[in-house]
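Structure first, then comments.
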Amino acid sequence: MADDNQRLIIFDTTLRDGEQSPGASMNLSEKLEIARALEELGVDVIEAGFPIASPGDFEAVQAVAQEVRAPIICGLARCNAADIDRAWEALKHAARPRIHVFLATSAIHREFKLHMAKDEIVRRAIEGVRRAKSYCDDVEFSPEDAARTELDFLAEVVEKAIEAGATTVNIPDTVGYAVPEQYAAAIRHLKQHVRNIDDAVISVHCHNDLGLAVANSLAALKEGARQVECTINGIGERAGNCALEEIVMAVKTRGDYFGITTPVHTKRLCPTSRLVSHVTGLQVQRNKAIVGQNAFAHEAGIHQDGMLKNRNTYEIMRPEDVGLPNTELVLGKHSGRHALKDRVRSLGYHLDEAQFERVFETFKVLADRKKTIYDADIEALAEAQVHDGPSLWTLESFHTSDGTGTLAMGAVCLAHVDGRKVQDAACGDGPVDAVFKTIERITGICVQLNDFHVRSVSSGEDAQGEARVEVEYNGRVQRGHAVSTDIIEASAQAFLQAINRLAFKQRHARLNPQTEAVTVS
Ligand code: KIV
Ligand code: ZN
């Protein structure tokens, strides 16, 4: 059993700070899916949202608190009664609830945002922690913008918060301004000057504006911090937060240096990263440490030669330890059910029989079009099963024509779930635009296209193209995602998926007007 003092607490805030990434908002079922994946990953704390921020946030924290039982479930609140009461209302059925209260302490926030003097900040912090404590034992306090707060004042606030009952004190670098030595010195200062510091866990929460979030967090661990607040893929406000997968693997790989342990199941890192990327639509850069597509790819001949002689020459972590399966086994049109099932499972997908059968069918179709099937191809097929909701419309066929100096034209045939088949055609600014316009004409849902991109998911001339779209309709944002060896088909399927999701919600709203009123507001 690891010494408690050497045990790192992983506090995941993908659903709260991560969701604050521009364009990353998630709906309730997506948040629940991520929360379940985080539980499987083995994080200690899930910050599920900021309950007073919106009815949707409240509902998400409540649902996660009710359904996800192993980790601590945390809700964020400012230091005021209404926020704290609302947070507790959302958390009260959690197996292990935590209220996280925060109040800014830096001079710039005191003067320009809060218009409060130091003594008032201290008073409010104490009141906030006490109120949260009246509901639950587990209370975290964050002096927002701590990294730019005068050290003596920071020590005073932290001491008073612990005295009032805070069991964790979090030291946020809210604007990503700190550098490792200085941030470590701040933690050291608190260790030396806060009388009751050993009565609470010191937590760190670093933003990545200067690309230093992970480095700052690690520096703080060396000084005795034992909780790191982080997000999957490092998503979050502006340049994001400390990346969970990087912290975990740094601590595991350099156990010799940090002497700290974490029970996170590292083999779940890549599958969880893919899930978050898929749900939020925020792609992971190829060279991203740990979970990027190139993180374990050796291109240079000298490196490949060294790897063949001894993996340790150029590899400090094994890809299988972060959930990247062994890719030596290539699948193709002669591969059977068993091999595919095995590969799907090792990629981290738990499909039921019906889902697997659909993956197998699409795999066979793909294998006819494509000689070598890579993991990325299989992931794309599996994800389509896991994340596809009910479809009102399916793509039967499409045809496009285009050329220099001519107007692009798209003809599409869609099948409705009620058995109808509808065909139409439209002109557009390029074949993809023409197909999108035709789909809008057929479904009667005209959207604003916020984002659209296509990339290749694997390598080779016959690589599949992955299309992602984000559309907006009546203020509601919806995303779609699809893959195909034909990029116009992938684009059409992605667009149709977004339209289907909107159409499904519209239909649901008509049938359940009250539920919709709550979710929308
Ligand atoms: O960055 C920050 O300061 C925060 C706090 C609410 C902890 O996210
Ligand atoms: Zn933050």
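Listed values, structure above:
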| read-out | value |
| --- | --- |
| Cα-centred dipole magnitude for the range 9-280, charges only on beta-carbon of K, R (+1) and D, E (-1), debye, nearest 20 | 280 debye |
| Extension gain (nm, one decimal) between ARG337 and ALA289, 0.36 nm per residue minus Cα-Cα | 14.0 nm |
| Ordering of 248-255, 37-44 by packing [mean C-beta count within 10 Å, highest first] | 37-44, 248-255 |
| Reciprocal mean inverse distance between Cα atoms of the range 337-387 - Kirkwood radius, Å | 10.7 Å |
| Inter-site label distance for ASP305 and GLN6 at 7 Å from Cα along Cβ, in nm | 4.1 nm |
| Label-point gap, in nm, between ASP418 and ARG238 - each point 7 angstrom along Cα→Cβ | 5.2 nm |
| If the convex hull is drawn through the Cα atoms of the range 9-280, its volume per residue in Å³ | 110 Å³ |
| FRET efficiency for ILE316 and LEU210, using Cβ-Cβ distance with R0 set to 22 Å, rounded to 0.05 | 0.35 |
| Inter-site label distance for LEU151 and ASN474 at 7 Å from Cα along Cβ, in nm | 5.7 nm |
| Dipole moment magnitude, nearest 20 debye, the chain about Cα centre, only Lys, Arg, Asp, Glu C-beta charged | 500 debye |
| Angle in degrees between helix 431-443 and the longest Cα principal axis of the chain, rounded to the nearest 10 | 90 degrees |
| Quarter of Cα convex hull surface for the range 41-130, i.e. mean projection, nm² | 6.4 nm² |
| Sequence-separation-based contact order of the chain, relative, with Cα cut under 8 Å and 6+ spacing, percent | 9 percent |
| Tilt relative to the chain, helix 180-193 - C-alpha long axis, 0 to 90 degrees, to 10 | 40 degrees |
| Residue-span extension gain [ASP402 to ARG455] - 0.36 nm each, minus C-alpha spacing | 17.0 nm |
| Accessible area expressed per residue, the range 337-387, with surrounding protein chains retained (probe 1.4 Å, Å²) | 49 Å² |
| Whole-number D in µm²/s for the chain (Stokes-Einstein; Kirkwood sum over Cα pairs; 4 °C, 1.567 mPa s) | 52 µm²/s |
| Relative packing of peptides 418-425, 231-238, 159-166 - highest average C-beta neighbours within 10 Å first | 231-238, 159-166, 418-425 |
| Global geometry of the range 135-178, whether rounded, prolate or oblate, following the gyration tensor of its Cα atoms and the 1.5 cut on a/c | oblate |
| Length released on extending from LYS364 to ASP462, taking residue separation times 0.36 nm less the Cα-Cα span | 33.8 nm |
| Mean Cβ count within 10 Å, highest first, over the residues of peptides 70-79, 16-25 | 70-79, 16-25 |
| The range 433-507-the range 77-93 distance, computed between alpha-carbon centres (Å) | 39 Å |
| Over the range 393-511: Kirkwood hydrodynamic radius from C-alpha pairwise inverse distances, Å | 14.6 Å |
| Candidate lysines - alpha carbon under 24 Å from LYS133, same-chain residues fewer than 8 apart omitted | LYS92, LYS118, LYS160, LYS191 |
| Shape category assigned to the range 193-257 from the gyration tensor of Cα positions, a/c cut at 1.5 | oblate |
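The values are calculated or read from the model by the stated rules, or taken from the named source; none is laboratory data. Worth saying up front: this structure is predicted, and the values here are computed from it rather than measured. So basically every Cβ, Gly included, is an ideal-geometry build from the backbone, and we count neighbours across all protein chains shown. Accessible surface areas use protein heavy atoms only, side chains included; no ligands, DNA or RNA. Shrake-Rupley method; radii C 1.70, N 1.55, O 1.52, S 1.80 Å.
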